[in-house]
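> Below is one structure. I have some questions about it.
The values are calculated or read from the model by the stated rules, or taken from the named source; none is laboratory data. Computed from a predicted structure; not experimentally measured. Quick reminder, even Gly has a Cβ in these numbers, built from the backbone with ideal geometry, and neighbours come from all protein chains shown.
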Amino acid sequence: MNQLNKEYLNLLLKSGVHTFQNDSPINFCNIHKKNENEREIDQKKGLDKIKSINELLLTLESYNNPLKTTANKLVFYDGNIKSKIMFIGEAPGKEEDESGKPFVGKAGQLLNKMLEAINLNRNEIYITNVIPWRPPNNRTPSEKEIIEFLPFLQKQIEIIKPKYMFLLGATAAKAILSTPLSLSKLRGKWHNYKSINMTNTINVLASYHPAYLLRSPQFKKEAWVDLKMLREQLNNEN
């Protein structure tokens with residue numbers, strides 16, 4: 001394990017992540033200056049005391065990050081905070097940035113249809129993103145940004161305590177499963193997620209982001225397979 005992987009593993013452990021999809025954590029962080037790391041740690045050190053989504057929202061609203069200066073609104077979550085199903089996307093787009101809610105643009109409309117196809121709706125699930133502020137020009141979040149907001153995402157998971165997580169896109173898959181494997185190799189099978197701050201293991205599926213499906217509709221068939229896996233698991237509980 002090289003130095004970069006060791007640093008990423010240490011960050012995940014401090015964030016509460018205990019078990020990983022792959023033995024080797026993804027090598028996706030750069031070495032930062034000590035004073036920058038200390039600044040970020042100071043801003044997050046109260047996370048362990050947070051017990052509710054509202055408390056976490058207040059913490060994020062006061063958190064200092066360059067994305068905050070270019071975005072219009074914090075985009076935190078939508079749906080049911082008591083749900084056993086959590087959907088995690090990448091980052092807000094233009095419509096989300098304007099409304100303050102995740103998945104309300106064209107990708108969100110497709111997600112609604114995907115949920116309806118397996119007899120679910122937004123009021124029955126919890127929806128969030130890896131990054132809570134829109135990156136400029138809708139660019140993909142940087143590796144540093146993904147790592148920086150990972151503790152906040154982990155805290156959401158600890159508070160919601162979902163039984164199932166459905167990861168939409170490669171960014172969410174990398175953040176949660178901590179693996180260098182491509183999304184095409186991750187999807188179509190169940191994975192496990194475990195945190196030292198949670199007693200239960202979470203069942204995880206990774207699939208394509210609705211925005212990607214809009215650009216590449218030929219992958220909708222594969223996304224449908226993933227959705228049916230979730231529906232079948234839910235049916236087996238009843």
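> Within segment 194-201, is there a residue that is within 15 Å of the chain's Cα centre (by Cα) and over 26 Å from Asn138 (Cα atoms)?
To start, the set of residues in segment 194-201 that are within 15 Å of the chain's Cα centre (by Cα) comprises 194-195.
Retained after the next criterion (residues that are over 26 Å from Asn138 (Cα atoms)): 194-195.
Within segment 194-201, one or more residues are within 15 Å of the chain's Cα centre (by Cα) and over 26 Å from Asn138 (Cα atoms).
> Are any residues in segment 121-141 at pLDDT 95 or above, farther than 24 Å from Glu55 by Cα and either of a type in the set (Gly, Ala, Ser) or assigned to a helix (DSSP H, G or I) (or both), and if so, which ones?
Within segment 121-141, Pro136 is the sole residue that qualifies.
> If I go through segment 51-76 residue by residue, how many of them are more than 18 Å from the chain's Cα centre (by Cα), buried (at least 17 other Cβ atoms within 10 Å of the Cβ) and more than 24 Å from Asn137 (Cα to Cα)?
Final tally of qualifying residues: 0.
Conditions (1) touching a Lys or Arg at 6+ places or on another chain (Cβ under 9 Å); (2) within 21 Å of Tyr164 (Cα to Cα); (3) modelled with pLDDT under 95, marked per residue:
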| residue | (1), (2), (3) |
| --- | --- |
| Ser52 | no, yes, no |
| Glu55 | yes, no, no |
| Asn65 | no, no, yes |
| Ala71 | yes, no, no |
| Val75 | yes, no, no |
| Ile85 | yes, yes, no |
| Gly89 | no, yes, no |
| Val104 | no, no, no |
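> If we scan segment 174-183, do we find a residue that is under 22 Å from Glu222 (Cα atoms), surrounded by fewer than 16 Cβ atoms within 10 Å (Cβ to Cβ), over 10 Å from the mean Cα position of the chain (by Cα) and free of Cβ contacts under 8 Å to residues at least 60 places away in the same chain?
Yes; the residues of segment 174-183 include at least one that is under 22 Å from Glu222 (Cα atoms), surrounded by fewer than 16 Cβ atoms within 10 Å (Cβ to Cβ), over 10 Å from the mean Cα position of the chain (by Cα) and free of Cβ contacts under 8 Å to residues at least 60 places away in the same chain.
> Right, here's the next one. So, in segment 184-220, of the ones that are among the polar types (S, T, N, Q) and over 28 Å from Lys161 (Cβ atoms), which residue ends up surrounded by the most Cβ atoms within 10 Å (Cβ to Cβ)?
Applying the filter and picking the extreme gives Ser184.
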